[in-house]
Amino acid sequence: MFDLKLSILEEYAPFFVSGTLLTIKLSVVAIVAGFFLGLFLALARISRRKWLSLPAACFIESIRGTPLLLQILITYFGVVPLIMRKPDGVLAAVLALSINAGAYIAETIRGGILATDPGQMEAASALGLTRWQSMRYVILPQAIHSVIPALGNSFVSLIKDSSLASVIATPELMYWANAANAQYYRVWETFITTALIYLFLTVVTSRILGKLEKSH
């Protein structure tokens, strides 16, 4: 007979709240850091200088071509110990999520730049602007504006992808869902509740981003 033990939810409610807050923090920090990393990588990849474009292309393809879970594990067990003595799950999660987001955002921004009318660059050059000034003041603003919906989708995906940080004991939402299930072996009270929280976060975020797009 199907039954719900609300006592489990009452016991783990504080942990679900703290886990949800950490999930939001991880996602926000990673999307902001990923945006700036992606912007740098996009500009490096379209550069005429091979020493910039080639490493950027290799880095982007390496990140996009490997699983995020593997990147999180490498960051946690390999990269973070180079920075500090003891592995830090939160730091590793932020680094891995930011780098992963940066690689995908780089291609999004690059696509926006390439989709911009080439005549814009020619017109800027005719006005006496250098290639960098033309990119900064003319091309980039248009490119970024055109890819705002795609950047919003990246943020929504990042909220869900942050659940992979649970494998390195980062106390985000999925970590506490696994902890509750391991203690009580109750799927409905743990995983379904967690799924509803993720659904709420992604739906609300999508609605907010949709309104921001329309306002612009």
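Taken together, the values in this text are just the output of simple stated rules run on the coordinates, not laboratory data. Just so it is clear, the model here is predicted, and its values are computed rather than measured. Cβ coordinates were reconstructed from backbone atoms using ideal geometry, including for glycine residues, and neighbour counts include every protein chain displayed.
Miscellaneous remarks
- Angle between the chain longest axis and helix 89-115 axis [Cα atoms, degrees, rounded to 10]: 40 degrees
- Placing a label point 7 Å from the Cα of R48 along the Cα-to-Cβ direction, the residues of the stretch 138-168 with a backbone N closer than 19 Å are 138-140.
- Phi-derived couplings, Karplus 6.51 cos²θ - 1.76 cosθ + 1.60 at θ = phi - 60°, listed residue by residue for the stretch 122-139: 5, 5, 5, 5, 5, 7, x, 7, 6, 4, 5, 5, 5, 5, 5, 9, 10, 7 Hz, with x used for Gly and Pro.
- Rounded Å value of the spacing that divides the Cα centres of the stretch 155-208 and the stretch 1-24: 10 Å
- Crossing angle, helix 173-184 versus the chain [Cα axis fit, 0-90 degrees, rounded to tens]: 20 degrees
- Entries in K25/K214; K50/K160; K5/K160 that, when Cα-Cα distance is taken, lie over 30 Å: K50/K160
- Förster-model FRET efficiency, 35 Å R0, S157 and D117, C-beta, rounded to 0.05: 0.75
- Which of W132, L158, A177, positive extreme of dipole for the stretch 6-215 (C-beta unit charges): W132
- Modelled this way, with points 7 Å down the Cα-to-C-beta line, the labels at S125 and V32 are 3.8 nm from one another.
- For the chain, the longest principal axis of the C-alpha atoms and the axis of helix 148-161 are separated by about 30°.
- When each of the peptides 18-24, 161-167, 39-45 is scored by how many other beta carbons lie within 10 Å of its residues on average, the order from highest to lowest is 161-167, 39-45, 18-24.
- Expected 222 nm ellipticity per residue - DSSP helices of 4 or more, -39500 (n - 2.57), all of the chain, to 500: -24500 deg cm²/dmol
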